[in-house]
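Q: Would you mind keeping the following structure in view while I ask a few things?
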Amino acid sequence: MNKRAVEEEEEIVAKDLLLWGHGDGDGDDYCSSNTENEEEAAFSLVGLDDYGMPSFQLSTPERHDDQQDFLPLLHPTRSSETNKPAASTVVDAEQYSFASDFYRCGTDWSCLLFQNDNINRYSNNNGEEDHKNLPNSNPMSMSMSMAKDNKKRKLIQANLFQIWGFQKDNNIKSSNNGGDDFDTSAGYGNSINEVASHHHHQQHRPRFCSFYKKIPGTPFTVDAFRYGCVKDCSAYFLTHFHADHYGGLTKGWSHGLIYCTPLTACLVRMYLSINSTLIRPLQLGTEYVIEGSKVTLLDANHCPGAALIYIRLPNGQCYLHTGDFRASRLMQSYPLLANHRINVLYLDTTYCNPKYKFPPKDDVLNFVVRVTKHCLKKQPKTLVIVGAYSIGKECVYLAISKALGVKIYTNASRRRILQCFGWSEIAGKLCTQGKDTPLHVLPISSLRFEILERYLKTYMSQYTAVLAFRPTGWTYTETVGSHLDLIKPVCKGIVTIYGVPYSEHSSFTELQEFVQFLRPEKIIPTVNIGNAANRDKMQSYFREWLKG
């Protein structure tokens, strides 16, 4: 591989690392839970109130990702000169919401109002022109005076409410919950310095942790690292190694112990450089007593290392937090779920919409293999590419590798992750040179025609076409449903891309079956909850499922 080819591949790898681990491309990468197509690169940031809700209504209920949470996390940027983290882009939602930010950042254009503005300044209390105060009754002299005066005046940043003539009531204390009220806690600051000072103050205030990340009656939080030190929390649980869940974990983490599966612990140490003394790996299916409560991690059928968190309090109350998961009938055989009533279920609702009825994973894998074989039969010199996140979607390229009897090429970063799995079926299938196999794995964000065309040029001596697969639930359509042969690829020149509904989140029907099996007393959705209509709709589904 020539130097330029290596540089181009590293450029793609860099993009993958920047977009690391949004859910499985299905939800967490919602980039909202709702992302894909362009969603891998699309993130949104909104403020939360102390109930964990956005401080304004989201207009797009379906996607975060994001998450897959409904508020995907932006990675802190780094300064190229100092290599130090830049100022955090996450502002305190308590009082610095999107709405308050918007209304605070108006511009006072009054300096442009030559005649009316200046005449007002030289008017008496009755609004009549006061000739005694005019600098000169000569119109030309007055105009020159006004022009000279205006040159000294500059545009200033001001609160829009102030510009529009609304007066702040100093007796009313600003809301701390970031609710629907537009925050004016900074006052009607009319200078950039005042607003900047307020912004700095807000960034250093503790942020409220979303309610669905706290476990009542315990000092536990789940996937709540981006809130920093959470009050009264001494045990921080990480369900899996996707960025929208581990976001906030950095090398300097010191707020408390981190509990997760051994595989996730390995990745946290390797890629986030967390102090090992703060990490507590918990084996799947083993009961632990933590802070007086019994905790057991169960396989979540999401990405490798992902876990459901089962918690039994000393008073007998049982909580189940699913993190991100794909419900399966195998879970109905878990003794803890089959033999104990769940009081509160924290549910991954990425696809809690009746239109999502995914085909079984095996059916999708068989389709991918069938399409690949058919394509290679017609054009043997085809490079097969599977899009994937840093962790997740492994079964797709493993199925192709097994069916064709070929090895898998991917970048060094992903190889290190895959080697952490300890999977015998993958250990001997990885290779370090792209020319040694027709099966390559790239970041799912790289599955764009211009990038794939450029990538193919690196191997033009071996291949003349590209067949790529984008495996995500967001490609599912009701018209195709389970009839996968109806899927139409998108073609451009020598590149063909198939979007296949391979999801690592539960479909609507799978959620229904899981809830009806558990029959919990209360369900708290954890994805797509930024819109009141969405929340109400999901609760109506839950009530319907639990009837009878």
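Q: Since Lys355 meets every condition but one in (1) in a loop (DSSP other than H, G, I, E, B); (2) crowded, with 20+ Cβ neighbours inside 10 Å, which condition does it not meet?
A: Condition not satisfied by Lys355: (2).
Q: Give segment 322-352 a look and list any residue that's open to solvent by 10 Å² or more (accessible area, probe 1.4 Å) and in a strand (DSSP E or B), or say none.
A: Of everything in segment 322-352, just one residue is open to solvent by 10 Å² or more (accessible area, probe 1.4 Å) and in a strand (DSSP E or B), namely Val344.
Q: OK, next. Kindly establish whether Ile290 is of a type outside the set (Asp, Glu) and within 26 Å of Cys352 (Cβ to Cβ).
A: no
Q: Within segment 478-488, how many residues are at pLDDT 90 or above and either under 14 Å from Lys361 (Cβ atoms) or among the polar types (S, T, N, Q) (or both)?
A: Residues flagged as at pLDDT 90 or above and either under 14 Å from Lys361 (Cβ atoms) or among the polar types (S, T, N, Q) (or both) within segment 478-488 amount to 1.
Q: Here is a follow-up. Go through segment 331-363 and give me each residue that's out of contact with any Pro (no Cβ under 6 Å at 6 or more places or on another chain) and aliphatic (A, V, I, L, M).
A: Hits for segment 331-363 are Met331, Leu336, Leu337, Ala338, Val344.
Q: Scan segment 358-395 residue by residue and report those that are part of a helix (DSSP H, G or I), of a type in the set (A, V, I, L, M, F, W, C) and within 30 Å of Leu308 (Cα to Cα).
A: Matches in segment 358-395: Val364, Leu365, Phe367, Val368, Cys395.
Q: Regarding segment 502-516, can at least one residue be identified that is open to solvent by less than 60 Å² (accessible area, probe 1.4 Å) and under 30 Å from Pro380 (Cα atoms)?
A: The answer is yes, given that some residue of segment 502-516 is open to solvent by less than 60 Å² (accessible area, probe 1.4 Å) and under 30 Å from Pro380 (Cα atoms).
Q: Same structure again: Check Gly473 against each of (1) open to solvent by less than 20 Å² (accessible area, probe 1.4 Å); (2) more than 30 Å from Asn411 (Cα to Cα) and name the one condition it does not meet.
A: Only one criterion in (1) open to solvent by less than 20 Å² (accessible area, probe 1.4 Å); (2) more than 30 Å from Asn411 (Cα to Cα) is unmet by Gly473, namely (2).
Q: Among the residues of segment 414-453 satisfying the criterion of being hydroxyl-bearing (Ser, Thr, Tyr) and part of a helix (DSSP H, G or I), which is farthest from Leu267 (Cα to Cα)?
A: In this case the residue turns out to be Ser446.
Q: A follow-up question, please. Is it true that Asn534 is within 23 Å of the chain's Cα centre (by Cα) and closer than 19 Å to Thr472 by Cβ?
A: Judged against the criteria, Asn534 is not a match.
Q: Can you give me the number of residues within segment 517-545 that are among the small types (Gly, Ala, Ser), at pLDDT 95 or above and surrounded by 14 or more Cβ atoms within 10 Å (Cβ to Cβ)?
A: Narrowing segment 517-545 to residues among the small types (Gly, Ala, Ser): 530, 532-533, 540.
Right, trim to at pLDDT 95 or above and you get 540.
Those left that are additionally surrounded by 14 or more Cβ atoms within 10 Å (Cβ to Cβ): none.
Of the residues in that region, 0 qualify.
Q: With respect to the numbered conditions (1) within 26 Å of Pro525 (Cα to Cα); (2) open to solvent by less than 50 Å² (accessible area, probe 1.4 Å), which one is the sole condition not fulfilled by Val268?
A: (1)
Q: Can you find, within segment 358-408, the residue that is nearest to Asp485 (Cα to Cα) among those that are crowded, with 23+ Cβ neighbours inside 10 Å and of a type in the set (Phe, Trp, Tyr)?
A: The selected residue is Phe358.
The values are calculated or read from the model by the stated rules, or taken from the named source; none is laboratory data. The model shown is predicted, which means the values in this text are computed figures rather than measured ones. All Cβ positions, glycine included, derive from the backbone under ideal geometry; neighbour counts span all protein chains shown. Heads up: the accessible areas ignore ligands, DNA and RNA and are worked out on the full protein's heavy atoms, side chains in. Shrake-Rupley method; radii C 1.70, N 1.55, O 1.52, S 1.80 Å.
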